[in-house]
Amino acid sequence: MTTAKAFVETAFQKLIERGWVLPAQLTPSPNTEQQIVAFEQTYHIKIPPVYHAFLLSYQYPFSDGLNTIVDHYGELEPLWIFLPTPTISDLEKNYLELQEFAINAFDISLEHCKHLLPIGDWGYGWGPLCIDLSKSKTDVNIDDENTWQVVWLDHEEDWKQWGTDNNGKLIGSAAAPNFQTLLEWYFMGAFEPEFEQEYHVKLTKNLLCNESFLKSYWEERWQTK
């Protein structure tokens, strides 16, 4: 956990350096180790170390979202995320609400959906991002999206299209290899240098929040398809 804690601290420092938050806007998370352990024991799950450390780190102003460059289905493109540091009570509430919806919509058992832990939303309400708790860190293969731990449940699709695997387990679309990678993208701007080189632009928070810039990027992409 020490390594995970150090990584999360570094990620928040990079978020500050990139201008998305001010140091004074970070407040210590109200969550405790005891609360996380109790949550895990109640639902017989294990939260991955980096997300565990994130829950114990800081709360920050996330309501306007974060935008950066991500590898989205093999393409580098801007994509917003809403990634709060929830209280454990809010985390539990979101976890149970997703289960209730999944059970009612898919007529599946709790065992087939309890592995999905909601952690945020992609885009402007595109749908929840979840950690698939059934996949361990050792399972993750960068080149095989079927092994990725962070999945996306696209709300624009028919809810039935979320899909289940051959065992009836609810699955989503691959979003990121793991939570650490998600922080590398959104907090640390991992893909921004490559994007800057390709498009000859210097990315800043102001530019990534500029609707005209984002619109021009998408229009250029559509014209070259």
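The values are calculated or read from the model by the stated rules, or taken from the named source; none is laboratory data. Model, not experiment: these values are computed from the prediction. Methodologically, a virtual Cβ is constructed for each residue, glycine included, from the backbone with ideal geometry; neighbour enumeration extends over all protein chains shown. To get the accessible areas, we keep the full protein, side chains included, count just its heavy atoms, and leave off ligands, DNA and RNA. Shrake-Rupley method; radii C 1.70, N 1.55, O 1.52, S 1.80 Å.
Quick notes on this structure:
- Every listed requirement among (1) closer than 22 Å to Trp148 by Cα; (2) surrounded by fewer than 18 Cβ atoms within 10 Å (Cβ to Cβ); (3) modelled with pLDDT under 95 is met by His112 save one, (2).
- For the range 5-24, the candidate set comprises residues that are of a type in the set (A, V, I, L, M, F, W, C), open to solvent by 40 Å² or more (accessible area, probe 1.4 Å) and assigned to a helix (DSSP H, G or I); within that set, the residue that is farthest from Glu192 (Cα to Cα) is Ala24.
- Residue within the range 124-131 that is under 13 Å from Ile45 (Cβ atoms) and crowded, with 19+ Cβ neighbours inside 10 Å present: yes
- Number of the exception - Asn94 against (1) open to solvent by 60 Å² or more (accessible area, probe 1.4 Å); (2) more than 16 Å from the chain's Cα centre (by Cα): (2)
- Count of residues meeting criterion [outside any loop (DSSP other than H, G, I, E, B) and hydrophobic (A, V, I, L, M, F, W, C)] in the range 25-69: 10
- Those residues of the range 172-189 which are among the hydrophobic types (A, V, I, L, M, F, W, C) and assigned to a loop (DSSP other than H, G, I, E, B), in sequence order: Phe187, Met188
- Residue match in the range 56-77 (condition: more than 19 Å from Lys14 (Cβ to Cβ), modelled with pLDDT of 95 or more and open to solvent by 20 Å² or more (accessible area, probe 1.4 Å)): no
Rundown of residues vs (1) closer than 19 Å to Tyr95 by Cα; (2) in contact with a strand residue (DSSP E or B) (Cβ under 9 Å, 6 or more places away or on another chain), yes/no style:
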position: Leu15; (1), (2): no, yes
position: Gly19; (1), (2): no, no
position: Thr27; (1), (2): no, yes
position: Glu33; (1), (2): yes, no
position: Val50; (1), (2): yes, no
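- Residue that is nearest to Ile16 (Cα to Cα) [pool: residues in the range 195-216 that are open to solvent by 100 Å² or more (accessible area, probe 1.4 Å) and part of a helix (DSSP H, G or I)]: Asn206
- A count restricted to the range 25-41 and to residues that are in contact (Cβ under 8 Å) with a residue 24 or more places away in the chain and open to solvent by 60 Å² or more (accessible area, probe 1.4 Å) stands at 5.
- Against the conditions (1) touching a residue at least 40 places away in the same chain (Cβ under 8 Å); (2) within 14 Å of Ala176 (Cα to Cα); (3) within 15 Å of the chain's Cα centre (by Cα), Tyr124 satisfies every one except (2).
- Residues of the range 113-129 that are in contact with a strand residue (DSSP E or B) (Cβ under 8 Å, 6 or more places away or on another chain) and part of a loop (DSSP other than H, G, I, E, B): Cys113, His115, Gly123, Tyr124, Trp126.
- Count of the range 171-185 residues, restricted to those that are more than 29 Å from Ala105 (Cβ to Cβ) and either open to solvent by less than 20 Å² (accessible area, probe 1.4 Å) or not polar (S, T, N, Q) (or both), is 3.
- Enumeration of residues in the range 140-162 that are at pLDDT below 85 and out of contact with any Phe, Trp or Tyr (no Cβ under 9 Å at 6 or more places or on another chain): Glu157, Asp158, Gln161
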